[in-house]
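Please read the structure below before turning to the comments.
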Amino acid sequence: MGKYKNLLVNVGIFGLSAVATKLMAFILMPLYTLYLSTEEYGIMDMATIMVTTLFPVLTLLISEGMLRFTLDDKSKAAFYITETMLVMLASCVLLAILLPVFDLPIFGGLGRYKIWFLLSYAALCFPSVMGTVARAMDQMKLIAYASILSALIMGVLAYALIAGMNLGLMGYFYSYIVGNGSAILVYLFAGKQYQFIDFTVWRNNASLRKPVV
């Protein structure tokens with residue numbers, strides 16, 4: 001019965017974290033449509049689309065590979081997790097190099113907010129990967145805590161900055177970055193995920209990388 005209980009708990013945690021995120025997006029939609037101009041809403045939509053599109057492309061979804069190999073052999077977890085975090089960082093650097101591309105008219109004015117777009121990408125990238133690390137290291141409850149906290153902070157900040165302070169699109173970027181950034185802090189400190197990043201182990205286990213054939 002133990003494994004079925006764990007299965008139900010895990011399903012409940014994933015469901016709760018997904019509901020928290022989707023519910024907050026639903027609650028915030030009237031705020032965005034009411035307070036953002038048509039141009040600002042279009043840029044926000046473009047930023048959201050590009051972030052979610054580029055994440056799997058630039059990272060090659062290495063986090064899914066990390067999950068699989070870490071579940072197979074937790075003794076090598078530090079290597080797989082460190083490797084994954086370095087790929088995440090490299091994807092941010094690559095995106096920074098590509099930022100001038102977003103000045104093209106096809107991106108609907110997103111080029112004026114290039115730095116904030118880059119920060120939004122990082123704010124999505126790292127919590128997503130850290131959530132996968134939590135799955136790999138049996139920190140299931142942490143996923144729900146991080147998702148709920150980030151959704152609440154994002155929602156409160158969005159209403160305060162957009163409706164209260166009339167910051168418009170910048171209010172959206174601030175709330176998105178800080179909200180998702182709070183999840184990073186939960187994973188780092190409540191989950192102590194910093195202990196899984198070990199550059200010595202990473203350097204000494206390069207042979208674990210599988211050759212591409």
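Helix-only mean residue ellipticity at 222 nm, the chain, DSSP H runs n ≥ 4 weighted -39,500 (n - 2.57), per residue, nearest 500. What is it? Don't skip to the end; give the middle numbers.
Numbers: 8 runs with 154 residues, N = 213.
Theoretical 222 nm ellipticity from helices: -24500 deg cm²/dmol.
Lysine pairs in the chain whose alpha-carbon atoms fall under 26 angstrom of each other, counting only those eight or more residues apart or on distinct chains, come to 17.
Counting only heavy atoms of the protein chains, get the accessible area per residue of the range 46-127 (1.4 Å probe) and round it to a whole Å² value. Display every interim value, and only then the final one.
Numbers: 3880 Å² over 82 residues.
That works out to 47 Å² for each residue.
Mind checking which helices in the chain clear 27 Å along their axis (Cα) and have mean Kyte-Doolittle hydropathy of -1.0 or more, DSSP H runs only? Spell out each step's value before the answer.
Working: long enough: 2-35 (50 Å, 1.04); 38-59 (31 Å, 0.82); 77-98 (31 Å, 2.08); 114-136 (33 Å, 1.16); 140-158 (28 Å, 1.93).
Qualifying helices, which must be both long enough and hydrophobic enough, are 2-35, 38-59, 77-98, 114-136, 140-158.
Across the chain, C-alpha contacts under 8 Å between residues 6 or more apart give a mean separation that, scaled by the residue count, equals a relative contact order of 29 percent. From the alpha carbon centroid of the range 170-184 to that of the range 49-75 is 22 Å. Quick one: pull the percent of accessible area on the chain belonging to carbon and sulfur, 1.4 Å probe, ligands and nucleic acids left out. It is 70 percent, rounded to a whole number.
The values are calculated or read from the model by the stated rules, or taken from the named source; none is laboratory data. Quick caveat: nothing in here was measured; it's all calculated off a predicted structure. Quick note on the areas: whole protein, heavy atoms, side chains included, nothing else; ligands and nucleic acids left out. Shrake-Rupley method; radii C 1.70, N 1.55, O 1.52, S 1.80 Å.
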